[in-house]
Ligand SMILES: Nc1ncnc2c1ncn2[C@@H]1O[C@H](COP(=O)(O)OP(=O)(O)OP(=O)(O)O)[C@@H](O)[C@H]1O
Ligand SMILES: [Mg+2]
């Protein structure tokens, strides 16, 4: 992995909100099929980093390259079209839509309802909808959730919804997925399932994963490398073992220890 060209490169990235410096000169290089963890205290700038990479926030300085091509400054729909998908820190399945339909919306990066608005207007649209449903079914199969396909998105438990969100991120066969705290609020059994799923995504799909996570056991168990942020800056990077024994990281983040589930407390 070290010799291969980076899948995603972030160079000297800065994001300001008025006078607040949310990201300051952040540089990361992430390889293909790598699972990169991003950890750090609340307000460190982790979500801002994901927002900047996916075009939700506009960088004020620096560059972001996907396969060596600049994507910074592109609209989020254009970045999505290059093969990038994300999940959100707060769960966002749609109520009033089945789980299968929720996953189908992942095929339409920024036009979440368009396939339904247009439904049944023509044979072509019907065919597209059938193909979308087949892809969504395959994505549910990949995450092991087909038994919920016909249920309303809002009926599922919080933990189940988080897994469906990952299926929605995967359905368009992206090259890079960005997950914002996928394990937050999950029971230990669900956390173990999530770890298995992340390993499967890496092994079977070769997808590059960038994962913000406070549940340290997930970071320890699945991340190839970990970037630690605090106050908008990168303060450490390395294997999970390296960063969790780093004095700066312990002082800035880990000092207060973990609870029984490996959640930062
Ligand atoms: N749209 C915005 N406008 C103004 N300030 C913002 C905006 N988004 C984030 N911030 C600020 O930027 C800083 C970084 O926030 P961010 O959400 O990236 O942190 P985080 O590391 O994801 O934290 P957490 O672990 O709590 O999710 C915080 O001080 C936050 O208040
Ligand atoms: Mg956040």
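A short reminder: the numbers here are calculations on the coordinates, not readings from a lab. Keep in mind it's a predicted model, so treat the numbers as computed, not measured. Quick reminder, even Gly has a Cβ in these numbers, built from the backbone with ideal geometry, and neighbours come from all protein chains shown.
Here is how the numbers come out for the structure above:
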{"quantity": "Over 17 Å [Cα-Cα, region 11-58], rounded percent", "calculated": "35"}
{"quantity": "Cα→Cβ-extended label distance, 7 Å offset, between residue 241 and residue 108, nm", "calculated": "4.9"}
{"quantity": "Shape metrics for region 84-173, restricted to C-alpha atoms - Rg then Dmax, Å", "calculated": "12.2, 38"}
{"quantity": "Förster radius 41 Å - calculated FRET efficiency between residue 251 and residue 152 (Cβ-Cβ, nearest 0.05)", "calculated": "0.35"}
{"quantity": "Antiparallel bridges, percent of DSSP beta bridges restricted to the chain (to nearest 5)", "calculated": "60"}
{"quantity": "The chain - mean residue ellipticity at 222 nm from DSSP helices (-39,500 (n - 2.57) per run, n ≥ 4, rounded to 500)", "calculated": "-9500 deg cm²/dmol"}
{"quantity": "Residue 231/residue 127 FRET efficiency (R0 45 Å; Cβ-Cβ; nearest 0.05)", "calculated": "0.30"}
{"quantity": "Where a label projected 7 Å from the Cα of residue 27 along Cα→Cβ would reach, residues of region 45-72 with amide N under 13 Å", "calculated": "62-63"}
{"quantity": "Convex hull volume of region 147-229 per residue (C-alpha atoms, cubic angstrom)", "calculated": "106"}
{"quantity": "Cα pair distances of the chain binned at 5 Å [whole percent]", "calculated": "1, 6, 13, 17, 18, 17, 13, 9, 4, 2, 1, 0, 0"}
{"quantity": "In degrees, nearest ten, helix 123-142 long axis to first principal axis of the chain (Cα)", "calculated": "50"}
{"quantity": "Span from the region 129-163 Cα centroid across to the region 173-191 one, whole angstrom", "calculated": "15"}
{"quantity": "Contact order normalised by residue count of the chain, Cα under 8 Å, 6+ apart, percent", "calculated": "25"}
